Amino acid sequence: MSYLRYLALTLTLTLSLSAEDGYRLWLRYDLITDESLRASYVHSLSRINFITRSGVVSPTISVAREELIAGINGLTGLKSEIALGSSVAQSNFGAEGFALGRNATGTFTIHANTDVGILYGVFDLLRRIQTGQSIETLNVTSTPKIQQRLLNHWDDLNRFVERGYAGFSLWEWFNLPTVRNPRYRDYARACASLGINGTVLTNVNANALILTPPYLTKVAALAEEFRPYGVRVYLTARFSAPIEIGGLKTADPLDPAVAAWWKAKIDEIYTYVPDFGGFVVKANSEGQPGPQDYGRTHADGANLLADALAPHAGIVMWRAFVYAAENTQDRVKQAYREFMPLDGKFRDNVVIQIKNGPLDFMPREPFSPLFGGMTRTPLALELQITQEYFGGSTQLAYLASMWKEVLDADTFNAGPARGELVESGATVARIIDGTRHNQHLSVIAGVANTGTDRNWTGHPLAQANWYAYGRLAWDHTLSAESIAREWAQLTYGPNPATIQTITKILLGSLETVVNYSMPLGLHHIMAEGHHYGPGPWVEHARPDWSSRYYHQADPLGLGANRGVTGSNALETYAPELRALWGNLETCPENLLLWFHHVPWDHQLKSGHPLWDELCLHYQQGVDEVRVMQQEWASLKGSIDAERFAEVQARFRRQELDARDWRDACLLYFQEFSKRPLPTGVEPPAHDLAYYKSVKLRYAPGHPGDK
Ligand code: BDP
């Protein structure tokens with residue numbers, strides 16, 4: 001080899017390696033190295049038919065075609081020919097589903113009723129090729145189980161992302177509508193590759209300005225960029241907008257002038273965005289205005305907007321994340337008490353959007369009792385993809401494991417209690433997908449973890465959470481493991497050992513964070529404000545923002561008594577669960593301190609008293625981070641240096657953070673238990689006063705400086 005060729009080759013190699021910045025996500029389309037596999041794809045895919053009902057080339061068909069050509073070309077070197085045909089017959093795969101397979105003449109066919117169905121079929125096919133699956137005899141159909149599969153962006157108009165850990169908001173409001181960052185399309189493409197079909201652009205802590213014409217012009221531009229990818233735009237509505245931008249004196253939902261204002265406003269929105277999806281509303285929660293300011297109910301508020309949206313087929317996603325300082329009820333009961341009496345009182349185009357747990361995206365919570373409670377209203381599940389309580393994008397927590405816990409949870413709302421734990425089939429998944437109560441509307445929402453960071457999500461492995469959310473939104477029966485494996489292969493290539501290691505790291509990561517932060521059902525003991533790191537000692541003027549409200553540590557024991565002798569939040573669940581969770585002996589240990597105030601010397605299943613078990617869980621969390629570090633280290637040389645180093649550094653930081661969590665919490669709880677650390681638990685590096693004095697400044701995702 002001549003020196004110049006050698007130089008050129010090294011340069012290309014270096015460039016391609018250093019280009020591993022994570023921007024391409026799971027859509028990499030690198031050449032398949034296995035020649036016989038490549039040949040089999042070339043054989044099957046030289047000619048591909050798209051069959052839709054109309055047979056007309058639309059912007060969606062164009063992007064589907066471009067994607068498929070680029071994908072197959074990248075993966076195999078082949079330039080496929082794509083033909084578009086039509087079939088008048090409506091097939092049974094619905095508005096967004098598709099069928100894949102070869103027709104009688106051997107031509108590979110993607111068949112859908114709609115153009116977006118074709119696009120989803122394209123991404124599905126490419127995923128199969130990327131993961132090395134045989135398509136020779138493929139014959140599958142796929143339809144989404146939930147209709148509206150949305151991302152919720154908690155993005156402000158100044159581009160700050162509340163609880164955002166990956167840079168600024170992707171939406172460049174100042175430059176819109178004229179300047180359109182190509183990244184808008186890349187975002188929509190990534191969403192479409194998972195079947196995500198809607199995006200709520202603005203923060204739930206809403207700003208009414210977004211509803212004014214200058215901003216609506218910008219919203220329209222984003223909608224235009226996303227439309228070919230089947231991603232519809234939604235906004236958050238500030239309940240007091242009629243006052244703030246409408247010049248009215250009131251926002252009372254029963255005032256005819258207010259209703260007229262919203263009607264006109266919503267009609268106006270549709271002149272900008274004809275396929276506008278609707279609103280998410282946070283009302284009478286954490287200082288947001290709402291119908292209760294006028295003595296009205298959540299139903300009055302939701303129905304006001306729903307009536308104005310209905311002629312345009314828009315929907316209202318009214319959030320059930322409500323609690324108030326003045327309310328003396330246990331915070332985890334408050335939403336239930338407010339919403340249960342309203343069941344059945346909402347318009348048809350309203351869904352109640354409920355966080356997975358009754359408190360607030362804690363590392364572990366039981367499912368929200370509203371899922372079992374409200375049977376006459378469509379319910380949406382709100383998940384948090386961004387890791388507010390999981391170490392932002394500094395730490396790793398693969399959240400699909402947690403989401404599966406809630407999706408698969410049985411609410412036992414199958415009618416009269418049978419008094420025993422016979423599966424009722426009334427899982428949260430079946431409630432939100434509408435099959436349990438025959439609901440016509442189904443919605444799932446994920447609070448996004450994306451931002452302007454080049455790799456989209458900050459932590460390179462946090463991309464797996466965006467991915468897993470989309471995959472589960474399409475099909476909640478998929479397992480956390482299969483999604484992890486698939487993502488690892490798409491993102492880090494075909495080496496089985498690499499895939500195995502990354503999958504293992506992902507799957508263990510959730511429980512690891514739970515162990516070193518809030519094990520055994522502990523909750524809400526994080527630092528104030530930014531929520532990063534430990535704060536079991538946090539005291540606030542509002543009791544419900546103080547840690548003690550939740551952990552209830554005292555000389556006798558630890559944990560919140562939510563049984564009949566305590567707050568009785570247990571009464572919000574079905575009798576089967578009340579019996580199971582209400583008994584100290586049968587309550588699953590991972591929820592123990594959620595439901596019980598447990599004596600320090602109470603013996604757990606391991607044979608250890610509570611105090612020792614607690615300490616050992618914290619230690620185990622730290623140990624597990626070390627194991628993840630070692631496992632990651634074993635990948636050196638088998639993945640690109642850039643992503644390797646970035647994750648490695650974050651694991652180093654995670655180990656320091658895990659130690660801080662352990663030491664701070666154990667020193668603090670030791671003040672109550674007065675017991676020594678058991679054997680096997682490392683002594684703390686500092687004293688309690690030190691941990692209490694730590695102030696993290698300018699933590700991401702939080703507007704304050706500490
Ligand atoms: C809490 C967050 C806060 C959100 C709120 C919500 O700390 O930033 O505004 O949830 O969901 O977890 O409305």
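Assorted remarks:
- Leu556/Glu326 FRET efficiency (R0 22 Å; Cβ-Cβ; nearest 0.05): 0.15
- P(r) for region 488-557, from all Cα pairs and a bin width of 10 Å, is 18, 33, 20, 17, 11, 1 %, short bins first.
- Contour excess over end-to-end distance, with Cα ends at Thr250 and Thr271 and 0.36 nm allotted per residue: 5.0 nm
- Principal axis extents of the Cα atoms in the chain, from largest to smallest and rounded to whole angstrom, are 75, 73, 53.
- Relative contact order of region 266-328, taken over Cα pairs closer than 8 Å and 6 or more residues apart, is 41 percent.
- Charged-residue dipole, Cβ positions (Lys, Arg, Asp, Glu), the chain about Cα centre, Debye nearest 20: 1180 debye
- Contact order for region 468-603, expressed relative to its length and based on alpha carbon pairs under 8 Å spaced 6+ residues apart, stands at 18 percent.
- Globularity index of region 148-478 is 0.95 (Cα radius of gyration / 2.2 N^0.38 Å, N = number of residues).
- D (Stokes-Einstein, µm²/s), Kirkwood Cα radius, region 248-367, 0.692 mPa s at 37 °C: 215 µm²/s
- Against the empirical curve 2.2 N^0.38 Å, the C-alpha radius of gyration of region 347-494 lands at a ratio of 1.11.
- Theoretical FRET efficiency, 1/(1+(r/R0)^6), r = Cβ-Cβ of Ser54 and Glu81, R0 30 Å, to 0.05: 0.90
- Per the Kirkwood formula applied to alpha carbons, region 555-681 shows a radius of gyration over Rh ratio, Rg over Rh, of 1.12.
- By DSSP, the beta bridges lying fully in the chain are antiparallel in about 25 percent of cases.
- Contour excess over end-to-end distance, with Cα ends at Glu136 and Val627 and 0.36 nm allotted per residue: 172.7 nm
- Computed on the chain, with alpha-carbon pairs under 8 angstrom and 6+ residues apart, the relative contact order is 12 percent.
- For Asp601 and Gln648, the difference between the fully extended length at 0.36 nm per residue and the C-alpha to C-alpha distance is 13.0 nm.
- Sequence-distant residues sharing a close amide H with Tyr234 (under 5 Å, placed H): Thr199, Val200, Leu201, Gly277
- Percent of C-alpha pairs per 5 Å bin, region 21-142, short to long: 2, 12, 23, 25, 20, 11, 5, 1, 0, 0
- Phe160 paired with Asn438, simple spin-label distance in nm, labels 7 Å along Cα-to-beta-carbon: 4.9 nm
- Percent of Cα pairs exceeding the 14 Å cut-off, where the set is region 152-209: 60 percent
- Looking at region 526-625, the trypsin sites (Lys or Arg not before Pro) that sit in a DSSP loop and have at most 14 other Cβ atoms within 10 Å of their own Cβ are Lys605.
- Antiparallel bridges, percent of DSSP beta bridges restricted to region 21-142 (to nearest 5): 45 percent
- Restricting attention to region 148-478, close to 5% of DSSP beta bridges with both partner residues there are antiparallel.
- Cα lying deepest toward the dipole's positive end in the chain, options His702, His602, Leu27, charges on Cβ: Leu27
- Candidates Gly373, Ala313, Gly529 compared by Cα position along the dipole of the chain: farthest toward the positive end lies Ala313, with charges placed on Cβ.
- Magnitude of the charge dipole for region 148-478, about its Cα centre and with charges confined to Cβ atoms of Lys, Arg (+1) and Asp, Glu (-1), is about 440 debye.
- Dipole moment magnitude, nearest 20 debye, region 21-142 about Cα centre, only Lys, Arg, Asp, Glu C-beta charged: 180 debye
Each reported figure results from applying straightforward, stated rules to the coordinates on display, with no laboratory input. On a predicted model such as this, the values are computed, not experimentally measured, just so you know. Note that each Cβ is placed from the backbone with ideal geometry, even for glycine, and that neighbours are counted across all protein chains shown.
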